[in-house]
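Undergrad: Got a structure for you, written out below as structure tokens; questions coming shortly.
The values are calculated or read from the model by the stated rules, or taken from the named source; none is laboratory data. The model shown is predicted, which means the values in this text are computed figures rather than measured ones. Cβ coordinates were reconstructed from backbone atoms using ideal geometry, including for glycine residues, and neighbour counts include every protein chain displayed. Surface accessibility is based on the protein's heavy atoms, side chains included, excluding ligands, DNA and RNA. Shrake-Rupley method; radii C 1.70, N 1.55, O 1.52, S 1.80 Å.
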Amino acid sequence: MECRVLSIQSHVVRGYVGNKSATFPLQVLGFEVDSINSVQFSNHTGYAHWKGQVLTAEELNVLYEGIKLNKVTRYDYILTGYSRDTSFLEMVVDIIQELKTVNPSLVYVCDPVMGDHGAMYVPENLLPVYKDKVVPLADILTPNQFEAELLTGRKINTEEDAIEVMDLLHKMGPETVVLTSTDLPSKHGDQFLVALGSQKTKKPDGTNTNQKICMDIPKVDAIFVGTGDLFAAMLLAWTHHHPEDLKTACEKTVSVMHHVIRRTITYANEVAGPGNRPSPAQLELRMVQSKADIENPAIVVQAKVLQKSS
């Protein structure tokens, strides 16, 4: 059976962010991807200049109506990322609810993009929509530490806090939660970033198991755009291939990220020349060049199982 994803994210003409970051890697891994572009920009907003259009909630609904009229609304996955408008986000919620009635086993992968490092970069009125409507529908959730704290109202200062926050997020709806980045100290030193994950699965006999994992990810000194979108897409793909093994799914996801980022920074530094900081254009993800790594990533980051409980 083919596996079909509806991805509602931003689009750029040049470079990789949103749907441009998610579509190619998913296709390489055998998924059919239907894209709705929430914005269409010339390039990402980290450049000096950018131009483009923003899709309204009404325009989103028109596109969806077209799909519906042709009776091609059976999806296996929905993937959403950045949204900066409450009416648009609420329309996305309506669409997901409807698509879940068409296919009750549909999996919704949500990257609740709201901010980072203590600051929101979307309007604050999006938070209650995420909390009350979006997260309860999500099956897989990929917040960073700040977003997880916003959604739960709990601060993360220790690994125990992070585990508690993931459990609170489970109670809100999602069966799989991955904190894609935290400020927790890594035992390997400050050149590493700590990410954590938690997955609840129901066994055939009806009992629940819960696997919690932790990863130390090597840091790269540069600002990349589109990596969060790539992460969510790869987590979708690898949890599909390893549905009850969050450890393996996360190792493959993070290893893909590592290979793409390493290739990107190596290229960017070469093009920028010695002593120069690469430009946003030079730091665009080397996605096509990483095709082999996306298909079959050499595992470079091991996940540690923190607890596995029934």
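Undergrad: Name the residue that is surrounded by the fewest Cβ atoms within 10 Å (Cβ to Cβ), counting only residues in region 196-227 that are small (Gly, Ala, Ser) and within 30 Å of Tyr47 (Cβ to Cβ).
TA: Among residues in region 196-227 that are small (Gly, Ala, Ser) and within 30 Å of Tyr47 (Cβ to Cβ), the one surrounded by the fewest Cβ atoms within 10 Å (Cβ to Cβ) is Ala222.
Undergrad: Let me ask something else. Taking the condition acidic (Asp, Glu), surrounded by 12 or more Cβ atoms within 10 Å (Cβ to Cβ), out of contact with any Lys or Arg (no Cβ under 8 Å at 6 or more places or on another chain) and part of a helix (DSSP H, G or I), does Glu244 pass? Break it down stepwise before answering.
TA: Working: acidic (Asp, Glu): yes; surrounded by 12 or more Cβ atoms within 10 Å (Cβ to Cβ): yes; out of contact with any Lys or Arg (no Cβ under 8 Å at 6 or more places or on another chain): yes; part of a helix (DSSP H, G or I): no.
Judged against the criteria, Glu244 is not a match.
Undergrad: Have a look at Asp85, Asp167, Asp76 and point out the one that is over 17 Å from the mean Cα position of the chain (by Cα) and modelled with pLDDT of 95 or more.
TA: On the way: Asp85 fails: modelled with pLDDT of 95 or more; Asp76 fails: over 17 Å from the mean Cα position of the chain (by Cα).
One residue alone meets the criteria, Asp167.
Undergrad: Looking at region 88-111, which of the residues that are within 19 Å of the chain's Cα centre (by Cα) and assigned to a loop (DSSP other than H, G, I, E, B) is nearest to Leu179 (Cα to Cα)?
TA: So, considering only residues that are within 19 Å of the chain's Cα centre (by Cα) and assigned to a loop (DSSP other than H, G, I, E, B), the one nearest to Leu179 (Cα to Cα) is Asp111.
Undergrad: Could you check region 223-233 and list, in sequence order, the residues that are more than 8 Å from the chain's Cα centre (by Cα) and part of a helix (DSSP H, G or I)? Outline the logic, then answer.
TA: Filtering region 223-233 for residues more than 8 Å from the chain's Cα centre (by Cα) gives 223-227.
Across region 223-233, the qualifying residue is only Thr227.
Undergrad: With respect to Ala268, determine if the residue is hydrophobic (A, V, I, L, M, F, W, C), touching a Ser or Thr at 6+ places or on another chain (Cβ under 7 Å) and in a helix (DSSP H, G or I).
TA: On the way: hydrophobic (A, V, I, L, M, F, W, C): yes; touching a Ser or Thr at 6+ places or on another chain (Cβ under 7 Å): no; in a helix (DSSP H, G or I): yes.
Judged against the criteria, Ala268 is not a match.
Undergrad: Further, regarding this structure: Can you tell me which residues in region 117-147 are open to solvent by 10 Å² or more (accessible area, probe 1.4 Å) and of a type in the set (Phe, Trp, Tyr)?
TA: Result: Tyr121, Phe146.
Undergrad: Filter region 96-116 for residues that are free of Cβ contacts under 8 Å to residues at least 40 places away in the same chain, open to solvent by less than 10 Å² (accessible area, probe 1.4 Å) and aliphatic (A, V, I, L, M); which is farthest from Val17 (Cα to Cα)?
TA: Leu106
Undergrad: Anything in region 70-95 that is surrounded by fewer than 23 Cβ atoms within 10 Å (Cβ to Cβ), of a type in the set (S, T, N, Q) and either more than 15 Å from Asp132 (Cα to Cα) or in contact (Cβ under 8 Å) with a residue 40 or more places away in the chain (or both)? List them, or say none.
TA: Asn70, Thr73, Thr86
Undergrad: Can you name the residue in region 181-195 that is assigned to a strand (DSSP E or B) and in contact with a Leu (Cβ under 8 Å, 6 or more places away or on another chain) and is also most open to solvent (accessible area, probe 1.4 Å) among such residues? Don't jump to the end; show me each part of the working.
TA: The first filter runs over region 181-195 and keeps only residues assigned to a strand (DSSP E or B), leaving 181-182, 192-195.
Those still in the list that are in contact with a Leu (Cβ under 8 Å, 6 or more places away or on another chain) too: 181-182, 194-195.
Details: Ser181: 29, Thr182: 7, Val194: 8, Ala195: 0 Å².
Only one residue fits best here, namely Ser181.
Undergrad: List every residue pair whose Cβ atoms lie under 6 Å apart, where the two residues are 6 or more positions apart in sequence or sit on different chains, the first residue falls within region 273-291 and is without any contact (Cβ under 8 Å) to a residue 24 or more places away in the chain and closer than 19 Å to Ile223 by Cβ, and the second residue, located anywhere, is open to solvent by 50 Å² or more (accessible area, probe 1.4 Å) and not in a loop (DSSP other than H, G, I, E, B).
TA: Within 6 Å, the pairs are Gln282/Val271.
Undergrad: Does Lys133 fit the bill of being out of contact with any His (no Cβ under 8 Å at 6 or more places or on another chain) and part of a loop (DSSP other than H, G, I, E, B)? I'd like the intermediate steps shown before the answer.
TA: Values: out of contact with any His (no Cβ under 8 Å at 6 or more places or on another chain): yes; part of a loop (DSSP other than H, G, I, E, B): no.
Spelling it out, it is not the case that Lys133 is out of contact with any His (no Cβ under 8 Å at 6 or more places or on another chain) and part of a loop (DSSP other than H, G, I, E, B).
Undergrad: Within region 168-180, take every residue that is open to solvent by 30 Å² or more (accessible area, probe 1.4 Å) and touching a strand residue (DSSP E or B) at 6+ places or on another chain (Cβ under 7 Å) and give me the one that is farthest from Val129 (Cα to Cα).
TA: Let us first name the residues in region 168-180 that are open to solvent by 30 Å² or more (accessible area, probe 1.4 Å), namely 168, 171-173, 175, 180.
Subset that is touching a strand residue (DSSP E or B) at 6+ places or on another chain (Cβ under 7 Å): 175, 180.
Details: Glu175: 19, Thr180: 21 Å.
Looking at the filtered set, the residue picked out is Thr180.
Undergrad: Might you check whether a residue that is under 25 Å from Val135 (Cβ atoms) and either surrounded by fewer than 15 Cβ atoms within 10 Å (Cβ to Cβ) or in contact with a Cys (Cβ under 8 Å, 6 or more places away or on another chain) (or both) occurs anywhere in region 38-56? So that I can check it myself, show each step before the final result.
TA: Start the filter on region 38-56 by keeping residues that are under 25 Å from Val135 (Cβ atoms), which leaves 38-39, 54-56.
Retained after the next criterion (residues that are either surrounded by fewer than 15 Cβ atoms within 10 Å (Cβ to Cβ) or in contact with a Cys (Cβ under 8 Å, 6 or more places away or on another chain) (or both)): 54, 56.
Checked region 38-56: at least one residue is under 25 Å from Val135 (Cβ atoms) and either surrounded by fewer than 15 Cβ atoms within 10 Å (Cβ to Cβ) or in contact with a Cys (Cβ under 8 Å, 6 or more places away or on another chain) (or both).
Undergrad: Identify, from the list Pro274, Pro297, Pro280, the residue that is at pLDDT 95 or above, open to solvent by less than 30 Å² (accessible area, probe 1.4 Å) and in a loop (DSSP other than H, G, I, E, B).
TA: Numbers: Pro274 fails: open to solvent by less than 30 Å² (accessible area, probe 1.4 Å); Pro280 fails: open to solvent by less than 30 Å² (accessible area, probe 1.4 Å).
Exactly one of Pro274, Pro297, Pro280 is at pLDDT 95 or above, open to solvent by less than 30 Å² (accessible area, probe 1.4 Å) and in a loop (DSSP other than H, G, I, E, B), namely Pro297.
Undergrad: Take Leu246 and decide whether it is of a type outside the set (D, E, K, R) and in contact with a helix residue (DSSP H, G or I) (Cβ under 6 Å, 6 or more places away or on another chain).
TA: Numbers: of a type outside the set (D, E, K, R): yes; in contact with a helix residue (DSSP H, G or I) (Cβ under 6 Å, 6 or more places away or on another chain): no.
For Leu246, the condition - of a type outside the set (D, E, K, R) and in contact with a helix residue (DSSP H, G or I) (Cβ under 6 Å, 6 or more places away or on another chain) - is not met.
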